[in-house]
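> Take this structure, written in structure tokens, and hold onto it; I'll ask about it next.
Every number here is computed from the coordinates shown, using simple stated rules; none is lab data. Source: prediction; values computed, not measured. Cβ: placed from backbone, ideal geometry, glycine included. Neighbour counts: every protein chain shown.
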Amino acid sequence: MNWINEIGGMLQQYTGATAGNAPANTVQDFEHVSAAAPKPTLAEGLSEAFRSDQTPAFGNMLSHLFGQSNGQQQAGLLNTLLSVAGPGVIGALARAGGPSLGGMLPGAQTQITPEQASQISPDAVHEIATQAEKQDPSIVDKVSAYYAEHPTLIKTLGAGALAVVMGKMANKL
């Protein structure tokens, strides 16, 4: 049985769903959907939620996810941002009052460790994400692909954002 057969009926109720009219069982439905759907499909839905005018801004949502993430996930997100946005992220972090990424990445080190990531505040991630999105809007898709691997964290965005995610997925059926 493919994933559409398994959850297609459940997703149909989200066709045309908005953050303001999320069904009462949205969080539970998302658990089923995220377990069955392919990660790229989940990532597309998350990208839609990040870009939607019905949800908070990308930087706000990303800083929330960062705050809910463990050190390994935080490092993964920051490394994703660095790989796409490059030096612009370093300047954004410095402007946000965070530690210098340049100082965090001495010599040949090109990846932030979980220990280093724990020194970054969600507010700094908000600034980094906002600047990275302006510099390269494709960062939304890259970050969505990253967090599609962590659906438990996506759940923390709340029913409204999850309804947008599943609405996008339902439109692909």
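> Sum -39500 (n - 2.57) across every DSSP H segment of at least 4 residues in the chain, then divide by the residue count to get the 222 nm mean residue ellipticity, nearest 500. Walk me through the numbers on the way to the answer.
On the way: 12 runs with 118 residues, N = 173.
Rounded to the nearest 500, the figure is -20000 deg cm²/dmol.
> Same structure again: Pull out the extension gain between Gln13 and Ser83, defined as 0.36 nm times the separation in residues minus the alpha carbon to alpha carbon distance; nm, one decimal. Walk me through the numbers before you get to the answer.
On the way: separation 70, 0.36 × 70 = 25.20 nm, distance 3.71 nm.
Difference between extended and current length: 21.5 nm.
> Take peptides 154-160, 166-172, 126-132, 53-59 and line them up by average Cβ neighbours within 10 Å, highest first, as a rough protection proxy. Could you put the intermediate results ahead of the total?
Values: 154-160: 19.3, 166-172: 21.4, 126-132: 24.1, 53-59: 17.1.
Ranked from most to least packed, the peptides come out as 126-132, 166-172, 154-160, 53-59.
> Based on the Cβ-Cβ distance from Gln119 to Asn2, what FRET efficiency comes out when R0 is 30 Å, to the nearest 0.05? Spell out each step's value before the answer.
On the way: r = 44 Å, r/R0 = 1.46.
For R0 = 30 Å, the calculated efficiency reads 0.10.
> A further question on this structure: Using the Cα gyration tensor of the range 1-73, with a ≥ b ≥ c the square roots of its eigenvalues, what is the shape: rounded (a/c below 1.5), prolate (a/b larger than b/c) or oblate (neither)?
oblate
> Cross-link partners among aspartates and glutamates for Lys172, C-alpha distance below 13 Å, same-chain residues fewer than 8 apart left out?
The reachable aspartates and glutamates, counting only those whose Cα sits under 13 Å from Lys172, are Glu44, Glu48.
> Subtract the Cα-Cα distance of Gln111 and Asn70 from 0.36 nm times their separation in residues, and report this length gain in nm to one decimal. Could you put the intermediate results ahead of the total?
On the way: separation 41, 0.36 × 41 = 14.76 nm, distance 1.64 nm.
Extra length available between Gln111 and Asn70 comes to 13.1 nm.
> Take the alpha carbon gyration tensor of the chain, find the square roots of its eigenvalues, order them as a ≥ b ≥ c, and report rounded if a/c is under 1.5; if not, report prolate when a/b exceeds b/c, else oblate.
Because a/c hits 1.5 or more and a/b exceeds b/c, the chain counts as prolate.
> Quickly work out the Gln28-to-Asp141 label distance, labels modelled 7 Å from Cα along the C-beta direction, and quote it in nm with one decimal.
Between Asp141 and Gln28, the label points sit 3.6 nm apart.
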